[in-house]
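One structure below.
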Amino acid sequence: MEPYRTIVAGVHDTDRGLRATDRAIEVAARSRAVLHLAAATDAPPGAGHLPAGDDAGGVRMEPTPPHVLHQLVDRAGAHGVPDARTVARSGRPVDVLTGLATELGAGLVVVGSHGVNTTAGRVFGSVAAGSVRRAPSDVLIVHTTDERWHVRQARRRRLGPTAAPYRCVLVGVHASIRDSGSMHRVVEVGAEMAAICDAEIVLSSSYVPAESHDLSRAESALGVDDAFRVRGSNPVEATLREARQTAVAVGARAPRTLARAYTPPGRALVTQAAQVGADLVVVGSHGLHAPRRRMVGAVAASVFRHTPADVLVVNTQHHAA
């Protein structure tokens, strides 16, 4: 099962920007998806001076020359993308990307992380942050900083030019019962990405350990015969078991599960990504509205700052193509 049928990728004519485009080509080829290579040809006056984190994506970018777009279409075809098209529109990058994704009913928007450590892009660079907040689709943010990219490319050289873009996918599983539908959507997307890349999938969750006095009180209430049920059960175990069944049903091979006593979500994922050697971390937006979705950005940004992994934010509020 292919995770996406239509993909929109932002094109930025720099070495770092084109790294994200290359990753979009790889994912589109393995998904057998239609790939739309989108370039913002210009921006309104003053677009380069918007405040950090602005949702409009006010990052100063030079227009992408038409010959670069044509070269990218040729490159996509050479890598097996069945249908690659170019779109050049006037406007700010996030306006162009999210508008096109909405128009096409795209399932995925791909952007780069360039700008992550700049003042103008405190979260991901305003293009990636704005895309996460505004796109009606999932958003893949590709690690394009030099040091992290070279680590990834060294591995690709060892494995050969036909190596899959990802070899280990770490999926953050939300354990809330209220978000069970969201959890399934996140796991399905992570499992589908792992399946098309023939990658290992690891399902990760966290929990708040009960205080000892709470356990003692519960054991006393149940009585001697049933007291064992208190310590023998944990909601996170059931959640991970359910997530594993979902991943297997989608086609993932031998999912592993990890549970970690509660720590801030970003820190937990960073620790677990390093533990398993993940090169893609999948998290969900859980259908949250814009103010709360900023928290998702903060989690993913933490992963970016401390691991070489790409981050896929699954929009659980919409189910796109």
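No lab work stands behind these numbers, since they all come straight from the coordinates. On a predicted model such as this, the values are computed, not experimentally measured, just so you know. Here Cβ is always computed from backbone atoms with ideal geometry, including for glycine, and neighbour counts include all displayed protein chains.
Counting other Cβ atoms within 10 Å as a rough exposure proxy, the listed residues 184, 79 run 79, 184 from fewest neighbours to most.
Distance between the 7 Å Cα→Cβ label points at residue 253 and residue 75: 2.9 nm. For 104, 170, the sequence from fewest to most other C-beta atoms within 10 Å is 104, 170. Length gained on full extension, residue 238 to residue 41: 65.9 nm, using 0.36 nm per residue less the C-alpha separation. Taking θ as phi - 60° and the Karplus parameters 6.51, -1.76 and 1.60, the scalar couplings of segment 183-196 work out to 4, 4, 4, 5, 5, 4, 5, x, 5, 5, 4, 5, 5, 6 Hz in sequence order, x denoting glycine and proline.
Cβ crowding within 10 Å, taken as a proxy for footprinting-reagent exposure, orders 97, 72 from fewest neighbours to most as 72, 97. Segment residue 32..residue 83, full-extension length gain: 17.5 nm, with 0.36 nm per residue of separation and the alpha-carbon distance subtracted. With both labels modelled 7 Å from their Cα along Cα-to-Cβ, the residue 103 to residue 68 distance reads 2.0 nm.
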